[in-house]
Amino acid sequence: MALSSVSYDALLGPWANSADPAYCRDLEGRLLAVNQAFARKFGRAAAEWPGTPLAEILQSDAAGALHSVATELARPPHRTTREHRCDTPQGWRWFTWEKTPLRDAAGCIFGLLAVGRDITKQRLAEEQYLKLSRAVEQSPVAIVITDADGRVQYVNPKYTEASGRTLEDILDRNTDVLRDGHPDEASYHAMLAEVRACREWRGELTSCRNDGRQVWESVQVSSLRSPAGDVTNLLCLREDITERKRLEQDLRQAQKMESLGTLAGGIAHDFNNLLAIINGYAEFCLMHNADAAQVRKSLQEMHRAAQRASGLVRQILTFSRKNEVRFAPFDLNQHVRDLVALLAETFPRTVAIDVRLGDQLPPLLADQNQVQQILLNLCVNARDAMPSGGTITVTTLLRHGADIANVTGVDIRKTYACLRVADTGTGMTPEVRARLFEPFFTTKPGSQGTGLGLAVVYGIVTSHKGFIEVESVRGNGSTFTVGLPLAEEVISMPALQVRGEFPGGTETVLVVDDEISLRHLLQATLTSKGYRVVTAANGLEAIDYLSQMDKPVDAVLLDLNMPGANGVDVFKVIRVGRPAIKVLILSGNLSAEARRELQSLGQNNFIQKPYALDEVGRHLRRLLDESDAGPI
Ligand code: ADP
Ligand code: MG
């Protein structure tokens, strides 16, 4: 059937002048007529189109659908809609085409009329939406979305998998997911306040899973806002970092042992000196017929040397013990003083240590072992940077975040207690300066350096939400400043005890220690102060004595590490059989587990060995004077 171009136009009917593009085509896919809107959209005059295969404007992904349309149009309701990407001079666009059949006089379909609309914007929005929802659904990070009040509205599959809870579980039990892992209410509310003020909250939280496993998560909470600016939802992202935490902890412990190792030689040397003093004076008194004044003088020297030795041991022990991380108030200046004393004894004599402690430094909320590790690592590096000697200056000071706002990691709302270690050593080149904190980066030859020191310092500083600043000039020394934020609320520190007095008493005290000289020492001292003293050389003896109910005992001084029944066993027997007896634990190396176990049994009185006798005396008196109604 031959049709003139005029009658082709007639095929378009009412669409000839519409604002939407329209075309007619035959069943083979050749264009018969197009309207002006189509011509404009596809960039060629309307008269040029008839005879062109439609495939020319269709993107190849749509071309295949061309033939199925005819069969579809032959069936009621004789219309169909298709969405295609089409090439236009402005690039490809999405169109939806509504198609109706064209029939000849006999009613046979010979082609179709298609009217189109550009739906590129909606399609892209839809695709974007699908992409985003797939990203959330398939994210490797656990995602929770709540309403503005924290009620859960959505959890992604990763959350379900990691937590073992489903959305239904959470809704049924009304679980407050955002509270998970916060150590206390204060921490939880601080997070909510931060998020409601439209700031982002980040933290590392730990919690126990259903199977009893302890997990660490890096948690990030922020608010989602409507275009009007109201908080409509809260978004919480949680990522399991247990493995990283474990590695970090292992690394810290290993590095700690390593830096301790670098000190060990010096410590051994120092210890030998102290032992030589003690031995020497003792031999002097034993061998010569020393008079009372000489004996007294010798004893004083021996006492002084022993005190220095015990100070040394105490520090090595606190430092080497594998404690769990515990944030507690502590006095930075005191720790600096102690550790510097240890370093001064072990560093070469050509290295002088100058200490300048800022006064009125409020107590810090930090893990004391980790802060010691920072100081030790910085000082060891300073020593290494001064092979031919020099001065290390250790300073403590307070700084306000607002004054150092340009330093990375500083929060201008906080105040920082700063620890500064400056040396007069080699300094460093910009290249070394740039790689300083990288794990395993070292410039020290052979086995002298592992390159872990500053990486560990960096990790500790970050976990305390602090900052670290480095200044260095080649050939002119380096200065490291570490800032740790002060706790927001005022923390009270246990009052420092005054030394001196050993109060007396008339009560009966059972002394349990397997070390005979310590037993005798306590017995002699307590007896001289009026107490009645009985002794037991091990746990079994003590239990034996305590089970004789007719023997009066008011207090027990209890050693922990003993062969046979240990102190904890004795303690349990006392708590069950004779709960009124006061107990004071005297231990040389109380492990975190033993302390926890004893505390869970209600025991809170501990004295660290080596103890000062007067300290034992005062603590014992205080215990005996406590009313029985008080906490056990
Ligand atoms: P290590 O001490 O095992 O080499 P660190 O991480 O402690 O590892 O230090 C990395 C490197 O940084 C050192 O090898 C050294 O080059 C440089 N460095 C650290 N502290 C100082 C300092 N006070 N003066 C000069 N260089 C330093
Ligand atoms: Mg180092």
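At-a-glance table
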quantity	calculated
Positions within the range 534-579 being in contact with an Asp or Glu (Cβ under 9 Å, 6 or more places away or on another chain) and among the polar types (S, T, N, Q), in sequence order	Thr535, Asn538, Asn561, Asn566
Every residue from the range 27-52 that is in contact with a Gly (Cβ under 9 Å, 6 or more places away or on another chain), open to solvent by 10 Å² or more (accessible area, probe 1.4 Å) and modelled with pLDDT of 90 or more	Arg30, Leu32, Lys41
Helices (runs of 4 or more DSSP H) contained entirely in the range 157-223, each with at least 3 residues that are open to solvent by less than 40 Å² (accessible area, probe 1.4 Å) and under 20 Å from Arg246 (Cα atoms)	none
Checking Thr424 against (1) of a type in the set (Ser, Thr, Tyr); (2) touching a residue at least 24 places away in the same chain (Cβ under 8 Å); (3) within 16 Å of ligand 2 (Cβ to nearest atom); (4) more than 23 Å from Leu364 (Cα to Cα), the condition it does not meet	(3)
Test: Leu364 is in contact with a helix residue (DSSP H, G or I) (Cβ under 8 Å, 6 or more places away or on another chain), open to solvent by less than 60 Å² (accessible area, probe 1.4 Å) and without any contact (Cβ under 8 Å) to a residue 40 or more places away in the chain	no
Qualifying residue in the range 485-493 (condition: within 16 Å of ligand 1 (Cβ to nearest atom), modelled with pLDDT of 85 or more and closer than 30 Å to Pro430 by Cβ)	no
Any pair with Cβ under 6 angstrom, 6 or more apart, that starts in the range 429-442 at a residue that is at positive phi and outside the structural domain of Leu251 (by TED's automatic domain parsing) and ends at one that is within 12 Å of ligand 2 (Cβ to nearest atom) and open to solvent by less than 80 Å² (accessible area, probe 1.4 Å)	Phe440/Gly451
Lone unmet requirement of (1) without any contact (Cβ under 8 Å) to a residue 24 or more places away in the chain; (2) under 18 Å from the mean Cα position of the chain (by Cα) for Leu237	(1)
Subset tally (residues that are surrounded by fewer than 17 Cβ atoms within 10 Å (Cβ to Cβ) and aliphatic (A, V, I, L, M)) for the range 458-481	2
Selection count, the range 121-146, where residues are surrounded by 15 or more Cβ atoms within 10 Å (Cβ to Cβ) and either part of a helix (DSSP H, G or I) or hydrophobic (A, V, I, L, M, F, W, C) (or both)	7
Given (1) within 20 Å of Leu526 (Cβ to Cβ); (2) open to solvent by 70 Å² or more (accessible area, probe 1.4 Å); (3) modelled with pLDDT under 90, index of the condition Ser587 fails	(2)
Any hit, the range 343-350, residues being within 16 Å of ligand 2 (Cβ to nearest atom), without any contact (Cβ under 8 Å) to a residue 60 or more places away in the chain, among the β-branched types (Val, Ile, Thr) and surrounded by 15 or more Cβ atoms within 10 Å (Cβ to Cβ)	no
Test: residue in the range 420-430 that is under 25 Å from Phe330 (Cα atoms) and among the aliphatic types (A, V, I, L, M)	yes
Those residues of the range 437-452 which are assigned to a loop (DSSP other than H, G, I, E, B) and either open to solvent by less than 30 Å² (accessible area, probe 1.4 Å) or more than 6 Å from ligand 1 (Cβ to nearest atom) (or both), in sequence order	Phe437, Glu438, Pro439, Phe440, Pro445, Gly449, Gly451, Leu452
Set Ala455, Ala422, Ala434: member being more than 10 Å from ligand 1 (Cβ to nearest atom) and either open to solvent by 50 Å² or more (accessible area, probe 1.4 Å) or not β-branched (Val, Ile, Thr) (or both)	Ala434
One residue from Lys551, Lys572 being basic (Lys, Arg), in a loop (DSSP other than H, G, I, E, B) and surrounded by fewer than 19 Cβ atoms within 10 Å (Cβ to Cβ)	Lys551
Test for Phe110: is it in contact with a Leu (Cβ under 9 Å, 6 or more places away or on another chain), in contact (Cβ under 8 Å) with a residue 24 or more places away in the chain and in the same structural domain as Leu12 (by TED's automatic domain parsing)	yes
Number of positions in the range 460-479 that are more than 14 Å from ligand 2 (Cβ to nearest atom), modelled with pLDDT of 85 or more and either part of a helix (DSSP H, G or I) or in contact with a Gly (Cβ under 6 Å, 6 or more places away or on another chain) (or both)	10
Subset of the range 458-484 (residues that are more than 10 Å from ligand 1 (Cβ to nearest atom) and touching a strand residue (DSSP E or B) at 6+ places or on another chain (Cβ under 7 Å))	Val461, His464, Lys465, Gly466, Phe467, Ile468, Glu469, Glu471, Thr481, Val482, Gly483, Leu484
Near pairs, Cβ below 8 angstrom, 6+ apart or cross-chain, from the range 404-419 (within 12 Å of Val482 (Cβ to Cβ)) to any residue that is polar (S, T, N, Q) and surrounded by 10 or more Cβ atoms within 10 Å (Cβ to Cβ)	Gly409/Thr462; Ala417/Thr396; Cys418/Thr395; Cys418/Thr396; Cys418/Thr481; Leu419/Thr395; Leu419/Thr396; Leu419/Thr481
For Asp384: the one exception among (1) more than 25 Å from the chain's Cα centre (by Cα); (2) within 13 Å of ligand 2 (Cβ to nearest atom); (3) open to solvent by less than 30 Å² (accessible area, probe 1.4 Å)	(3)
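The values are calculated or read from the model by the stated rules, or taken from the named source; none is laboratory data. These figures come from a predicted structure and were not determined experimentally. Every residue, glycine among them, receives a Cβ derived from its backbone with ideal geometry; neighbour counts consider all protein chains shown. All accessible areas refer to the heavy atoms of the entire protein, side chains included, with ligands and DNA or RNA removed. Shrake-Rupley method; radii C 1.70, N 1.55, O 1.52, S 1.80 Å.
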